[in-house]
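Q: What follows is a structure written as structure tokens; I'll ask about it next.
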Amino acid sequence: MIPWQSVDRVTREGCDKERVNIEPTEQQTAEGQSTSKQLSMQATTPPADVPGYRLTEFLGSGAFGQVWVGRDLNTGREVAVKFYLHRGGVNWSLLSREVKNLVQLSADRYVVQVLEVGWDAEPPYYVMELISGGSLEELLQTRGRLPVDEAVEMFRRICIGLNRCHAKGVLHCDIKPANILLDADNEPRLADFGQSRLSDDQTPALGTLFYMAPEQAHLSAAPDASWDVYAVGAIMYRLLTGQPPYRADDLVEQLDTAGSLENRLERYREVIHHSPPPSRHLQRDDVDRMLGRIVSRCLAPHPEDRYANVQQILQDLNRRDVTRAKRPLMLLGIVGPLLVLLATCIFAARTIRQASHRTVAALRQEAFGSNELAAAFAARTLESEIERYYQLTRDEASRPEFVQQLRETLESDQVRESLAEIADMKTPQATHGNTRARDQLMNSAAHIQLDQILSERLALYSDADRRRRRLASMFVVDPRGTIIAIAYDDPVTRDESSSGRNYCYRTYFHGGRVDLPKDSTEIGSIDPLMTTHMSAAFPSTATRLWKVAISTPIFLSDNRDRPDALFVVTVNLGDFELLQSKQGNNQVAVLVEARPGPTQGTILQHPLMEERRTAGANMKGEFYRIPAELMERLSAGRDVDYIDPVAAGEGGERFAGHWIAAMQPVSLPNTGSPEEVPANDANRDQVDTTDLLVLVQYRLKKVIAPVAGMRSALLWEGAASVGSILMVTLTLWFLVRRASRSPSDRNEEPNQPSDEIAETIPVS
């Protein structure tokens, strides 16, 4: 008699409508046996080194190579490394499919994990986790059938693993005990995915006889999840009985002598369809009715009578567990269910409340952490953008055409006389009322030419449709803070122009963190900055839009003690790109003023403000501030219920409600460069960060929405459970009452005979 394992496994490769190439399982040739023997004798040294692993122990050899125990040098984890030293009989297509699908499923703990593949190495190898418990086949050959509880648990875990494979679109198509490995904790791991198919793959795949669904035993069958359903049913049948379904010695002999593969498969299908359904599992006293039905349904010959997928098996197993768990409760009688009901209600209400609180706290923490990451990302993005503006400013200030015209302008007698007269006015406030000196400066040919150059350069940094401007203005300041020439992105009148006015009190001139008093600062007493610098945010006098200025010194001579002028560009804060969230209005990023003082916490950039700005709305006088106490808590990195100040403004209704918010400071780029002189500490506070904060806010209602849904579902389920328990309690009360009464008492009720009552009351 040929051992039954020799006919159980059949494989098929390369099947299509025009060509069928059927191959049985590869057998080791005489040459291969000789090679294996030599390999076994030479197994003191690994065939090759595997990067990242130390091979420690020879595990065994087979027809095509060796298996070694190794250790991951990084984690210390033990692994199995299989080398393919004898390539002649290896079905590389089968092997590649298996490894590919194992890699796809490697994150699942119910599947043997492939850690690394070295097909291009010499010799080829792949690394898998080391499974030390052997196979389920070996366990069954040693122990025979298993206790029912142990069998059910093993069955459930196999189904869970297989269901996860199906969820990832992989059908195993060859589930059997030999392809289920057991780890040190006796947990099953699915292995041998050589016959596996993707769910949308129509290529046939033959499995193992007595575990293979009858419709699978066909050379043109398209893979289906019901194949694996039948296979796990056959495994459960063997766990309960010790043998797979339909297997008998006479049938094994018939299949062995059937001739061609087609004949064997046809005979196999006939046996299943014409034999009585397997029933040995039903004959075990400890197999309950529900479990028996589950196994029988898995083994239905016709796929339409089977479970459609493994998930349905798990659902029925869960239903069985619930049913078995409820049976002891029926013994509690009348008082027991009431006490259980009361205790359950109290415990459930408390549990729901505690679970809701914990879940909300966990979700808030997760959302807060996500906001912190998003804020950090937005801050780094803004820092990169600021650095690009720094470089833009330096590049524009060093253009030869501009430098030459600036030199000619500063050497112009008319310009020098005008700048000197403006400086003699003592304070910046006084220069804003001067007209004669300003007119003289603005009428000079040198000024007009410099203005023209600035206007031409500024035009290059505006979008063609003029909706998303990069630069708001570009101007030049003399060493005492007077604007020599200026170009605006939005045209202004001559009176509105800042040319001829002194701004030495501004942070973009002296490099400090705050503006100096406009009416008391003496012109000439403030030294200009000596390195590229970004100013504090300030509102535009014309549009009230918040801006920052980036300025860099210009040295026209070899004297590096004092710049000859400052080149300045201004940027609307609304032109900075912040977080572009896929959450829409549920997650937004805003820019916040960080300077201590009356403007601290002011919203400088907000999606709603940008929408209104784009729509042409007049936003003069609209300022939104985060309260000082809330600002302090946000700056400290605390999770607080944040109220968006913009929600109180026009069109801000959609930003109303509570938010989870996180802040991140925006750092300054490295301002040092070989051509720049270190800043003068006498007139500049050295800071590593800007006075800008990025705030990312996430809608709290969106965060806790799952909790509300869970609470509602639990309440409905709880109400249903309470109703069910009450109904059971009343039924049990009635039965106990009837049983406790004497026959004479029951005969006194002619309108309610006991037979009718028995017919209307379900019997468990």
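Q: Take Arg293 and decide whether it is of a type in the set (Lys, Arg) and surrounded by fewer than 18 Cβ atoms within 10 Å (Cβ to Cβ). Write out each step before concluding.
A: Details: of a type in the set (Lys, Arg): yes; surrounded by fewer than 18 Cβ atoms within 10 Å (Cβ to Cβ): yes.
The answer is yes for Arg293.
Q: Same structure again: Could you list, in sequence order, the residues of region 303-361 that are at pLDDT 80 or above, assigned to a helix (DSSP H, G or I) and of a type in the set (Lys, Arg)?
A: The answer is Arg319, Arg320, Arg324, Arg350, Arg353, Arg358.
Q: Out of Glu401, Glu385, Glu421, report the one residue that is out of contact with any Gly (no Cβ under 6 Å at 6 or more places or on another chain), part of a helix (DSSP H, G or I) and closer than 14 Å to Thr482 by Cβ.
A: Residue meeting the stated conditions: Glu421.
Q: For residues that are hydrophobic (A, V, I, L, M, F, W, C) and outside any loop (DSSP other than H, G, I, E, B), tally how many sit in region 191-205.
A: Number of matching residues: 1.
Q: Also, quick follow-up: Checking Val514 against (1) under 25 Å from Met425 (Cα atoms); (2) modelled with pLDDT of 90 or more, which single condition isn't satisfied?
A: (2)
Q: Being among the β-branched types (Val, Ile, Thr) and touching a strand residue (DSSP E or B) at 6+ places or on another chain (Cβ under 8 Å) is the filter here; which residues of region 341-394 pass it?
A: Our first condition is that a residue be among the β-branched types (Val, Ile, Thr); within region 341-394, this holds for 344, 346, 351-352, 359-360, 381, 386, 393.
Hits for region 341-394 are Ile386, Thr393.
Q: Might you let me know whether region 262-272 holds any residue that is under 48 Å from the mean Cα position of the chain (by Cα) and either surrounded by fewer than 19 Cβ atoms within 10 Å (Cβ to Cβ) or within 17 Å of Asn179 (Cα to Cα) (or both)?
A: Within region 262-272, one or more residues are under 48 Å from the mean Cα position of the chain (by Cα) and either surrounded by fewer than 19 Cβ atoms within 10 Å (Cβ to Cβ) or within 17 Å of Asn179 (Cα to Cα) (or both).
Q: Could you check region 686-760 for helices (runs of 4 or more DSSP H) lying wholly inside it with 3 or more residues that are modelled with pLDDT under 75?
A: 705-740, 743-747, 754-760
Q: Related question: Just name the residue that is surrounded by the most Cβ atoms within 10 Å (Cβ to Cβ) out of those in region 603-640 that are over 25 Å from Glu366 (Cα atoms) and among the acidic types (Asp, Glu).
A: Restricting to residues being over 25 Å from Glu366 (Cα atoms) and among the acidic types (Asp, Glu), the top hit is Glu610.
Q: Another question, then. Under 6 Å by Cβ, and 6 or more places apart or on different chains, what pairs join a residue from region 643-662 that is in contact (Cβ under 8 Å) with a residue 24 or more places away in the chain and assigned to a helix (DSSP H, G or I) with one that is surrounded by 16 or more Cβ atoms within 10 Å (Cβ to Cβ) and among the hydroxyl-bearing types (Ser, Thr, Tyr)?
A: That search, which allows pairs on different chains as well, returns Pro645/Tyr624; Val646/Tyr624.
Q: What residue, of Glu577, Glu611, Glu632, is modelled with pLDDT under 85, in a helix (DSSP H, G or I) and acidic (Asp, Glu)?
A: Glu611
The values are calculated or read from the model by the stated rules, or taken from the named source; none is laboratory data. Keep in mind the model is a prediction, meaning the values are calculated, not measured. Virtual Cβ from ideal backbone geometry, glycine too; neighbours counted across all protein chains shown.
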